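The values are calculated or read from the model by the stated rules, or taken from the named source; none is laboratory data. Keep in mind that this is a model prediction, so the values were computed, not measured. So basically every Cβ, Gly included, is an ideal-geometry build from the backbone, and we count neighbours across all protein chains shown. All accessible areas refer to the heavy atoms of the entire protein, side chains included, with ligands and DNA or RNA removed. Shrake-Rupley method; radii C 1.70, N 1.55, O 1.52, S 1.80 Å.
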Amino acid sequence: MVWFFLCVGLLVAGYFVYGKFIERIFGPKPELKTPAITMADGVDYVPMSDKKVYLVQLLNIAGVGPIFGPILGALYGPVAMLWIVFGCIFAGAVHDYFSGMLSVRAKGASVPTVVGEHLGNAAKHFMNLFAVVLLMLVGVVFVLSPAGLLANLTSTDLVYWIMAIFAYYILATIVPIDKIIGRFYPIFGALLVFMSVGLIIGLIVSGKGFYNTGMDFSNLHPTDLPLWPLLFITIACGAVSGFHATQSPLMARCMQNEKSGRFIFYGAMIGEGIIALIWCTLGLSFYDSTEALNATLASGGPSAVVHEVSTSLLGTVGGILAILGVVILPITSGDTAFRSARLIVADFLNLTQKPMAKRLLIAIPMFVLGFIISKAEFGVIWRYFGWANQTTAVMMLWAAAAYLIKEGKLHWVCTIPAMFMTAVVFTYLANAPIGFGLEMGISTIIGLVATAVITATFLIKFRQPLVSQTSES
């Protein structure tokens, strides 16, 4: 129990200490009018209160990732929680803050435009394609996972839930953001809070105790899967996630003052980190061993773990509410994933989105493609999603580092996590079955060499000395 609350305390402290440091480096300007004010269109640029924007941002980014990822990550043992804490504070929340604030400064631009502005047109064109592919994968993953949970809960055919969720996504994608997303997310947020707090209280009351694995920080994976680099791909949304870079511009178009950026962007990531800690803790504590957890995963995947843990700790009614909270998370990210994809395509085509007909022109083909992708095996989609997700984070972190160099500010706060995640994605691509399937030692060398080459090229391109001074805002 002490270890869990210590980890939560570190995340909260990270918000107040390191988050403030990051804010100071960026230098928000409260006197500048944000895109929500200067470009209000009643559809995507809609001024909303800080509390509402924070809640929408949290629900946008906290899809199934901070639940399914940490459950799978729990197979490695308590070491997974270290990655959640330190990854969230020094990489994920930094990534989210800069993806949001750079979008604010770029008139609410989507991630390809932000990346292109700081890394060049080649990076912009790459991100235009890559971001849409990622968002389509996210959207499909966030259809299949809640549909599976609802099918288990109601004994209704999976296909009907897939169709129902797709129908909701179409509606949420094309109507003004304050009509559905801005109006109903507070209710969804209440379910999220109940799920998060209720399950931890249920674990304490149950007398099961915390961490049946003990405080063993070695690799406890029952099938001996390596920590490096798989843990950093498996636990993405609870530590660092490129998907968030596609979501932050949505709220950059609704935020009314730059001084709210730390609360909305950095703070929402800290909130997601706490959710990830809860589910990692449940995976480590509810089951007698990582082998027992793995057996449940083998029988029904992370959805089976969610169902078993929720109903056992909170009873039938409480368990249903907790499961609904878990269902809400991916749905509230899936709808904004498709919405973000629509906006990125619209920006690329320079197609205004105020008329409904032009929103449908993009949305309908996009959903047809999404439905076709949903027919593929979930495990395959999830693996591609994991790699694409972290690769997007790499691009955003390098773009943020480039911005800081141009501004003469301390770029290492973004460069160091960009280097680490670059090594992760290249090593994973070289080793994984969806990549080149090379031996781990060779794959690690490839990852480290690729990172060294990219870092050297980056520093040479921007002619930045190895020591940079923080610029006072």
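Just a few scattered comments:
- The calculated FRET efficiency for residue 416 paired with residue 357, based on their beta-carbon distance and R0 = 45 Å, is about 0.45.
- Shape call, region 291-364: gyration tensor on alpha carbons, a/c limit 1.5: prolate
- Taken along the Cα-to-beta-carbon direction at a fixed 7 Å, the label points for residue 32 and residue 298 span 5.4 nm.
- Overall form of the chain per C-alpha gyration tensor (a/c, 1.5; a/b vs b/c): rounded
- Computed over every Cα-Cα pair of region 48-90 and binned at 5 Å starting from 0, the pair-distance distribution P(r) comes out as 5, 20, 19, 21, 16, 11, 6, 3, 0 percent.
- Three-way shape label, region 53-128, alpha-carbon gyration tensor, a/c 1.5: prolate
- Percent carbon-and-sulfur accessible area, the chain, ignoring ligands, DNA and RNA, probe 1.4 Å: 69 percent
- Helix-only arithmetic for the chain: the sum of -39500 (n - 2.57) across DSSP H runs with n ≥ 4, divided by the residue total, places the mean residue ellipticity at 222 nm at -24500 deg cm²/dmol.
- Size estimate for region 92-160 follows the Kirkwood approach: the inverse of mean 1/r over distinct Cα pairs works out to 14.3 Å.
- Gain on full extension, evaluated as 0.36 nm per residue between residue 364 and residue 167 minus their Cα-Cα distance, stands at 69.8 nm.
- Placing dummy labels 7 Å off each Cα toward the beta-carbon, the span from residue 452 to residue 20 is 4.0 nm.
- Straight-distance candidates among the aspartates and glutamates for linking to residue 33, with alpha-carbon spacing under 14 Å and chain neighbours fewer than 8 residues away dropped: 258.
- Förster-model FRET efficiency, 41 Å R0, residue 82 and residue 256, C-beta, rounded to 0.05: 0.65
- Here the extension length gained between residue 204 and residue 317 equals 38.8 nm, from 0.36 nm per residue of separation less the Cα-Cα distance.
- In a fully extended conformation the segment linking residue 380 and residue 434 would gain 18.6 nm over its present Cα-Cα distance, using 0.36 nm per residue.
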